[in-house]
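The values are calculated or read from the model by the stated rules, or taken from the named source; none is laboratory data. Only a predicted model underlies this, so the values are computations on that prediction, with no experimental measurement involved. No Cβ is skipped: glycine too gets one built from the backbone with ideal geometry, and neighbour counts run over all protein chains shown.
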Amino acid sequence: MKLLIPTLTIIVLIQSCATVPVTGRKQLDLVSSSEINTMSATQYQEVIKKGPLSTNTEQTEMIRRVGKRIQGAVEQYMASKGWSDQLAGFNWEFNLIQDDKTVNAWCMPGGKVAFYTAILPICKDEDGVAVVMGHEVAHAIANHGRERMSQGLIQQFGLSTLSAALGQNPTATGQLFMQAIGMGSNLGMLKFSRQHESEADHIGLIFMAMAGYNPSHAPKFWKRMVDMNTGQKPPEFLSTHPSDETRINDLESWMPEAMKYYKP
C-alpha cells in the first residue's frame, strides 16, 4: 500500500502535463481552463470596478488597439498549430487603470489585461506598449497561472481538484489564485516565476512580431526600464524577472527567430 500511493501520484502527474506553445516545455496541469478563467473573470471585474479607469481617451485607445493586434497574432499562431481549442473561454478585455505610481501591467487567464498609467512613460510609444502587451499575454497563453495554481494545490492540499480545494478552504484557495496569476506576493516561488518570465519574454517577442511590431524594440524597452531603476528598488513589474543582462542577452538571441514572423 505504501508503494501504491507514490506510484499513483506519479501516474497522475504524468497524465496531468501540458505543453507550452512556442517553447515546447512540459508543465503541470491539474486545473481546468474553465475553472481558472471563471475565477479570473470575477476577479478582473472587481479590479476594474475599483479602478479608477483612465479618462485619457488617446492612451486608452492605444492600449486597446495594441491589445487587439496582439490578440489577432495569438489567434493566428494558435490556429496555425491546430491549437485554437486552447483559446476556448477567452473573453479578451484591455483596460488602462489610472495609477501613476504603480509601474505594472498584467494579463489574467482568459485574456483579461490591465495596464497602469505609470508604465506608459517607460513604454514611450505604441511599440513599447506592444513589448509589454506581448509579454503579459504570453503568460496567459503559456498557462503560467494554471501551472502555478497546480503547483500550489499540490503544496497546500495534496493532489486535489480546484473545486475540492475551494470547498475545503476557499480563503486559502483564493489567495493561491492571486499568487498564481501574479497579483500576490509569493517569494517561495521566486525561482519558478523567473522561469515563467523568461518564457513570456520569448513567446511575447513572437506575438509582437506577428502583430506587426518590430521585435527589436523589446531590448530597448528593457534598457529604459534598467535606466529608470538605477539605484532604486525595482518595481513590482520586475520583482521576479531575470537579471537585466540576462534578459537583454536572451532577447537578442531570440531575435532571429522573431524576425521570421515580423511583417511591418
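Numerical summary
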item: The stretch 125-144 - residue that is at pLDDT below 95 and part of a loop (DSSP other than H, G, I, E, B) and, of those, nearest to residue 28 (Cα to Cα); result: 143
item: Test set (1) modelled with pLDDT of 75 or more; (2) outside any helix (DSSP H, G or I) - residue 240 fails condition number; result: (1)
item: The stretch 43-78 - residue that is over 19 Å from the mean Cα position of the chain (by Cα) and among the small types (Gly, Ala, Ser) and, of those, surrounded by the most Cβ atoms within 10 Å (Cβ to Cβ); result: 54
item: Helices (runs of 4 or more DSSP H) contained entirely in the stretch 1-119, each with at least 1 residues that are farther than 23 Å from residue 262 by Cα and modelled with pLDDT of 90 or more; result: 33-50, 57-80
item: Test for residue 81: is it of a type in the set (D, E, K, R) and either within 17 Å of residue 132 (Cα to Cα) or surrounded by 14 or more Cβ atoms within 10 Å (Cβ to Cβ) (or both); result: no
item: Residue in the stretch 84-105 that is surrounded by the fewest Cβ atoms within 10 Å (Cβ to Cβ), counting only those that are within 21 Å of residue 38 (Cα to Cα) and among the acidic types (Asp, Glu); result: 85
item: Long-range neighbours under 6 Å by Cβ, at least six apart or interchain, first residue in a helix (DSSP H, G or I) within the stretch 187-205, second at pLDDT 80 or above and surrounded by fewer than 22 Cβ atoms within 10 Å (Cβ to Cβ); result: 202/254; 205/254
item: Boolean, residue 40 is surrounded by 17 or more Cβ atoms within 10 Å (Cβ to Cβ), out of contact with any helix residue (DSSP H, G or I) (no Cβ under 6 Å at 6 or more places or on another chain) and in contact (Cβ under 8 Å) with a residue 60 or more places away in the chain; result: yes
